[in-house]
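One structure is given below, encoded as structure tokens.
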Amino acid sequence: MDAIRFSDDALYLLDQTRLPAQEVWLRYTDFRQAAQAIRTMVVRGAPAIGITAAYAYCLAALSGEDLERAEAVLRASRPTAVNLFWALERMERAAARCGGDPAALIAEARAIHREDVEMNKAMGRLGAEVVPNRARILTHCNAGALATGGYGTALGVVRAAHSQGKVSMVYCDETRPLLQGARLTAYELVRDHIPATLITDSMAAALMAQGKIDLVVVGCDRMAANGDFANKIGTYSAAVNARYHGIPFYTALPSSTIDLSIPDGSGIPIEERAPEEVTHLAGTPTAPGGVEVSNPAFDVTPHTLLTGIITERGIVYPPFAEKLASLFSV
Ligand code: MRU
């Protein structure tokens with residue numbers, strides 16, 4: 001399964017706002033519209049946002065636009081996932097090397113895309129080792145093929161463990177308010193014939209108390225140098241609940257999601273999204289007009305709640321700061 005394609009000088013995105021009801025591919029030749037697609041979550045998930053931005057940068061080069069300006073517009077599309085900035089900085093360095101030649105830039109964007117899939121497969125292979133036999137796994141949001149170049153980070157671990165016959169059930173938090181768990185994770189798992197049970201976010205603690213969850217694995221939008229990490233709102237609750245019930249809690253992420261320039265989670269910018277995402281469901285009001293709304297799209301889970309960090313270079317266990325620095329400093 002994939003959600004991002006580039007061919008004949010155009011970018012194609014599977015519109016994730018319409019899944020699972022409709023599978024519609026949209027075509028982009030203008031980088032501004034691609035930036036808008038990131039903003040409106042036609043494409044979402046940290047690695048997928050980075051890959052899309054890299055291709056959008058190529059669209060700007062193909063139409064002879066000012067690349068610095070294009071980069072500024074793309075950088076403003078979403079603030080939390082560091083992969084966006086990582087990919088754009090890589091494209092900027094490539095542009096400096098090749099003088100902005102579109103063919104060379106497209107080759108660089110394709111490399112970013114290909115390497116992301118390779119990293120996912122590597123972390124899937126490594127992460128499957130911590131999955132016990134007959135595992136019942138809880139995941140939050142969507143960290144699958146749709147959120148990446150393909151295969152997935154947290155769902156990459158699930159896919160690899162499932163191919164080894166180790167997965168008895170994947171519990172998907174529906175993930176309020178935009179329902180990525182219900183609309184996207186459940187969709188991916190059902191398509192791949194991986195046993196999946198959809199729950200509302202508030203059911204997870206009760207399942208843990210009943211002994212029905214063996215392991216939690218989630219994705220990540222940005223990890224600070226000490227291992228604190230931002231992921232979809234609700235991840236922190238899942239981590240607190242897992243710790244209380246003595247359940248191992250992992251995040252899976254490629255090196256492009258690690259931001260060693262930020263010492264701890266307090267420095268990670270958290271996106272605040274429109275109140276309508278909370279006050280309406282599919283356009284229908286579910287709250288009285290005039291009520292105040294808080295809608296942070298992400299929360300920060302402290303590293304102290306993590307059992308381990310699954311990366312393409314190995315699984316990192318505490319003390320995280322030293323080990324992240326030695327594995328990922330350039
Ligand atoms: O707001 P979203 O849907 O972009 O949030 C996505 C997540 O929080 C994912 O868990 C994260 O990006 C990791 S994706 C491999």
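Only the coordinates and a few stated rules stand behind these numbers; no lab work does. For clarity, every value in this text was computed on a predicted model and none was experimentally measured. Cβ coordinates were reconstructed from backbone atoms using ideal geometry, including for glycine residues, and neighbour counts include every protein chain displayed.
Membrane-span-like helices in the chain, defined purely by DSSP H runs whose alpha carbon atoms cover 15 Å or more axially and whose average Kyte-Doolittle hydropathy reaches 1.0, are 46-62. When you filter the GluC sites (Glu not before Pro) in segment 217-315 for DSSP loop state and at most 10 other Cβ atoms inside 10 Å of their Cβ, you are left with Glu292.
The fraction of Cα-Cα pairs per 10 angstrom bin, counted from 0 for the chain, comes to 6, 27, 35, 23, 7, 1, 0 percent, rounded to whole percents.
Each peptide in 156-169, 58-71 receives the mean, over its residues, of other Cβ atoms within 10 Å, and ordering these scores from highest gives 156-169, 58-71.
Between Ala143, Leu74, Leu155, the Cα set farthest toward the positive side of the dipole of the chain (charges on each charged residue's Cβ, about the Cα centre) is that of Leu155.
With the helix formula -39500 (n - 2.57) applied to DSSP H stretches of n ≥ 4, the chain reaches a computed 222 nm mean residue ellipticity of -11000 deg cm²/dmol. Placing +1 on each Lys and Arg Cβ and -1 on each Asp and Glu Cβ, with no other charges, gives the chain a dipole about its Cα centre of roughly 820 debye. Amide hydrogen proximity for His280: with H placed 1.01 Å from N in the peptide plane, the residues at 5 or more positions away or on another chain lying under 5 Å are Thr286.
When the Cα convex hull of segment 123-255 is projected onto planes of every orientation, the mean area is 7.3 nm².
Which three numbers, in whole Å and largest first, are the semi-axes of the equivalent ellipsoid of segment 4-120 derived from its Cα gyration tensor as √(5λ)?
So the three semi-axes of segment 4-120 are 21, 15, 14 Å.
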